[in-house]
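Engineer: Please see the structure below; I have some questions.
Values quoted throughout were computed directly from the atomic coordinates according to the rules given, and no laboratory measurement underlies them. Values in this document were obtained by computation on a predicted structure and should not be read as measured data. So basically every Cβ, Gly included, is an ideal-geometry build from the backbone, and we count neighbours across all protein chains shown.
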Amino acid sequence: MKRLFFVLVIVVTLVGCQSEPDSLKLFDELVVSTNYDTKAVFGAYTTYAIPTDTIGFVSNTNPNDTILVSRADNDYYPRRVLERVMSNMNDREYTRVGRNENPDLGVNVYVVKDFNLFQQVVYPNYYYPYYYGYGSYYSYPYVNTYAYNTGALVVEIVDLKNVTPDNKVKVIWNAYMGDVYSTIDLIDQSTKAIDQAFIQSNYLVHEN
Amino acid sequence: MKTKYILSIAFMLLIVRAEAQENFFYINWNGNIPLSSKEYIDNASGRGAKIGYRFFFGRDRRFSAGVDFNWAQYDQYKPKETFETESGAITTDYFNYIYQYGLTASSQYYFPLGEKDRFFPYVGLGLGVNRNEYNVYYNIYTDSDKAFGFLARPEAGILVRIGERRRMGVMAAVHYDYSTNKSDELDYKNFSTVGFQLGIMMLQW
């Protein structure tokens, strides 16, 4: 009888143990967080510049910033991501121009790894010392790290129309989408997240 | 504040132990239905357990006192939702969780029924402390808050001894839990539930 009692103790103990949500359900959509400069007049910008097949890559574990480059096949991640950003920008009546054609806006797209993005508030209004486009990611304002792999896809819009006298550029919109290291379908979830970032930013539109 | 709760319970246990004669252990499955802050979770929980140790006073077994410990998990999936912030928005689906642990000192009054040594319907009241951990899971991220509070638990149930000479019995009860736990961070007010418990007990007489 005592044995039965102790078996039941174990069974009930196990039933009562803490559990966490099903990871398949947790990871099937990226969290999409957008922030904007409340003083920016988004309707006043007309043109933007964005690369075709290169996105940035920033990692705490690899201090040498690098880039992700599309391979020849169209299905590769950077290209699919950039195309979706461009598609949304075009839908919002912004016109893509070359980087040497004096764009109003610069669009940065990059993946950050091991950065604690969601635990630390990162609002627009921060300035980059200079805008070189891609490969100049040495001054991001977040530094904390997780002990495990975590990462976010970041889309960032900088104001090239109002460069400061000392040549600084201001970030006026950003979107953090994570976690890109725990996805079930990375490309599909990333492109849907980009769409969602624009959906929840209805102020981001050029006004004729 | 926590120390005060613990000392109160320990003191009551000492009194109980000194006066006690016959006693029993029980271990029960414990299901609960949230009654408050249902916008956070309104799903019933079947994941929980309650264990306890109670002592009778006197040979007629009309009063007992003891200590009860319970734990339960409440959870609910929330479909994708967009939350506006001062300068942006965040969109995600998420899971709300509560991990609850309660410790009470309790006393019971038993009504005489039929065969005196086999059926023990009772009413009781437990007072103690409740600890809730509130977790919001979204993707790999978790927002978490913990809260202690005062717990009051009126309870009604029945003990059924399997046979006159058996030291094992079945226990069933319904209880109402009210506790003052709240989470300002997650906008969670007080915590109250109604619970059902069913299980076995080991009698020491």
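Engineer: Can you pull the Rg over Rh of the stretch B:76-142, Cα-only, Kirkwood? Can you show the working numbers first?
Structural biologist: Values: Rg = 22.6 Å, Rh = 16.5 Å.
When Rh is taken as the Kirkwood radius, the ratio is 1.37.
Engineer: What percent do you get for the relative contact order of chain B when only Cα pairs under 8 Å and 6+ apart count?
Structural biologist: Normalised by residue count, the contact order of chain B is 21 percent.
Engineer: Exposure proxy check: B:Phe119, B:Phe56 ranked by fewest other beta carbons within 10 Å?
Structural biologist: Final ranking by Cβ density, sparse to dense: B:Phe119, B:Phe56.
Engineer: Please list, ordered by chain and number, the residues whose modelled amide H lies under 5 Å from the amide H of B:Tyr188; skip anything fewer than 5 residues away on the same chain.
Structural biologist: B:Ser183
Engineer: Still on this model: Please list the non-local residues whose amide H lies under 5 Å from the amide H of A:Thr46, H modeled 1.01 Å from N, same-chain partners needing a gap of 5 or more.
Structural biologist: Long-range HN contacts for A:Thr46: A:Asp104.
Engineer: Which whole-Hz ³J(HN,Hα) couplings does the stretch B:175-183 yield from phi under the Karplus relation 6.51 cos²θ - 1.76 cosθ + 1.60, θ = phi - 60°, glycine and proline marked x?
Structural biologist: Computed from phi, the couplings for the stretch B:175-183 are 9, 10, 10, 10, 9, 8, 4, 8, 10 Hz.
Engineer: Okay, next question. If Lys and Arg each add +1 and Asp and Glu each add -1, what is the summed charge of the other residues whose beta carbon sits under 15 Å from the beta carbon of A:Lys170?
Structural biologist: Taking every other residue near A:Lys170 into account, the sum is -2.
Engineer: Select from the stretch B:87-171 those trypsin sites (Lys or Arg not before Pro) which occupy a DSSP coil region and have at most 12 other Cβ atoms within 10 Å, ordered by residue number.
Structural biologist: Those that pass, being in a loop and sparsely packed, are B:Lys116, B:Arg165, B:Arg166.
Engineer: Provide the descending list of Cα extents for the stretch B:48-115 along its principal axes, expressed in whole angstroms.
Structural biologist: Sorted largest first, the three principal extents are 69, 24, 16 Å.
Engineer: With Rg and the Kirkwood Rh both taken from Cα atoms, where does Rg over Rh land for the stretch B:2-203?
Structural biologist: Taking Rg over the Kirkwood Rh, I get 1.08.
Engineer: I'd like the chymotrypsin sites (Phe, Trp or Tyr not before Pro) in the stretch A:148-208 restricted to DSSP loop residues with at most 10 other Cβ atoms within 10 Å, sorted by number.
Structural biologist: Passing both the DSSP loop test and the Cβ count: A:Tyr148.
Engineer: Past 27 Å, Cα to Cα: identify those pairs from A:Lys192/B:Lys189; A:Lys113/B:Lys146; A:Lys25/B:Lys146; A:Lys170/B:Lys78, in the order given.
Structural biologist: Values: A:Lys192/B:Lys189 35 Å; A:Lys113/B:Lys146 29 Å; A:Lys25/B:Lys146 25 Å; A:Lys170/B:Lys78 36 Å.
Correct reply: A:Lys192/B:Lys189; A:Lys113/B:Lys146; A:Lys170/B:Lys78.
Engineer: Can I ask one more? Output ³J(HN,Hα) for the stretch A:169-184: one whole-Hz value per residue in order, computed from phi by the Karplus curve 6.51 cos²θ - 1.76 cosθ + 1.60 with θ = phi - 60°, and x for Gly and Pro.
Structural biologist: The phi angles translate into 10, 10, 7, 10, 7, 8, 9, 10, 10, x, 9, 7, 9, 10, 7, 8 Hz.
Engineer: How large is ³J(HN,Hα), in whole Hz, for each residue of the stretch A:97-103 in order, when computed from phi with the Karplus curve 6.51 cos²θ - 1.76 cosθ + 1.60 and θ = phi - 60°, using x for Gly and Pro?
Structural biologist: Using θ = phi - 60°, the values come out as 9, x, 5, 9, 9, 6, x Hz.
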